1. Could you report the accessible area of Asp5 in Å², rounded to 10, computed with a 1.4 Å probe on the protein chains as they sit in the structure?
2. Heads up, I need the accessible area for Cys79: 1.4 angstrom probe, whole protein in place, Å², nearest 10.
3. If each residue of separation counts as 0.36 nm, what is the full-extension length gain between Asn2 and Val66 once their alpha-carbon separation is subtracted?
4. Express the accessible area of the range 123-230 per residue in Å², computed with a 1.4 Å probe while the remaining protein chains stay in the model.
5. At 1.4 Å probe size, put Met210, Met140, Met230, Met22 in order of accessible surface, largest to smallest.
6. Would you check the accessible area of Ile168, probe 1.4 Å, heavy atoms only, in square angstrom rounded to 10?
7. Distance from the Cα centre of the range 164-197 to that of the range 50-103, in angstrom?
8. In the chain, what percent of the accessible surface is made up of carbon and sulfur (1.4 Å probe, ligands and nucleic acids excluded)?
Amino acid sequence: MNYYDLFLGSLALFISYFTGIMVCFVSKYFDQYTYDHINGPQKVHKSEVPRTGGIALFLVFLIFTVIDNNYVSLILLICSFPAFLSGILEDLTKKILPLWRLLASFITALLFIFLTDYKIISLGIEFLDIYTNIFFVSSMLTIFASVFLIQACNIIDGLNGLALGTSILILTSIVLISLKIDDNLIFNLSYISLFVIVGAFFWNFPNGKMFLGDGGAYLIGALLSFYIIM
């Protein structure tokens with residue numbers, strides 16, 4: 001790590017925080033679409049809150065893809081887009097069936113395999129690794145691992161700071177491991193993502209000014225799964 005990395009991290013945090021504030025401000029003018037319901041089994045907030053955090057996060061990741069001129073980051077955003085879009089449509093319309101959102105997650109995982117050629121090819125268990133070298137088996141493992149993590153991130157969303165806080169811990173681990181093994185690609189991707197998530201954390205905790213929504217949860221879950229598999 002160097003001063004340039006620290007500068008990029010600080011810039012990512014700054015842009016993430018203020019992009020979130022701007023999206024939150026704009027969301028007030030479209031409250032019939034953007035605000036979350038108060039009633040429901042998973043609702044703990046007592047006032048209406050916009051659930052457009054996913055839009056803010058996607059914009060920040062897109063901005064940094066341009067700033068860093070990172071082709072891999074662009075490919076990963078493209079891969080995550082089906083899951084992200086299905087979540088955003090649910091956030092805005094509240095009418096997208098879970099089955100369709102699950103299907104979008106599968107499409108995201110398939111795009112990841114075919115656009116990046118990354119797959120799970122080893123489980124660290126010798127007699128099982130005989131089978132993970134088979135294209136179909138490794139592809140299915142990768143798809144289910146990615147889809148399950150995307151859905152898991154959405155499940156823990158709904159309590160201020162929980163999904164983002166968990167993501168910060170995961171990303172910190174990925175950053176430290178990538179430093180240890182000198183994996184510059186994963187370090188750059190996870191390092192910027194970590195500061196983007198930290199910036200978002202401030203408008204989500206302790207008082208939820210804006211929720212991640214399904215779009216934000218799916219986007220984070222997809223990117224986390226990509227980094228871990230890579």
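The values are calculated or read from the model by the stated rules, or taken from the named source; none is laboratory data. The shown structure was predicted, so the numbers you read here are calculated from the model rather than taken from an experiment. We place every Cβ from the backbone using ideal geometry, glycine too, and count neighbours over all the protein chains shown. These accessible areas exclude ligands, DNA and RNA; they are computed on the full protein's heavy atoms, side chains included. Shrake-Rupley method; radii C 1.70, N 1.55, O 1.52, S 1.80 Å.
1. Looks like 20 Å² after rounding.
2. Result for Cys79: roughly 0 Å² accessible.
3. Separation in residues times 0.36 nm, less the Cα-Cα distance, equals 21.0 nm.
4. Numbers: 4870 Å² over 108 residues.
That works out to 45 Å² for each residue.
5. Values: Met210 0, Met140 60, Met230 40, Met22 120 Å².
The most accessible residue leads, giving Met22, Met140, Met230, Met210.
6. My reading of the accessible area for Ile168 is about 40 Å².
7. Cα centroid to Cα centroid, the span is 19 Å.
8. Details: 8550 of 12040 Å².
Roughly 71 percent of what the probe reaches on the chain is carbon or sulfur.
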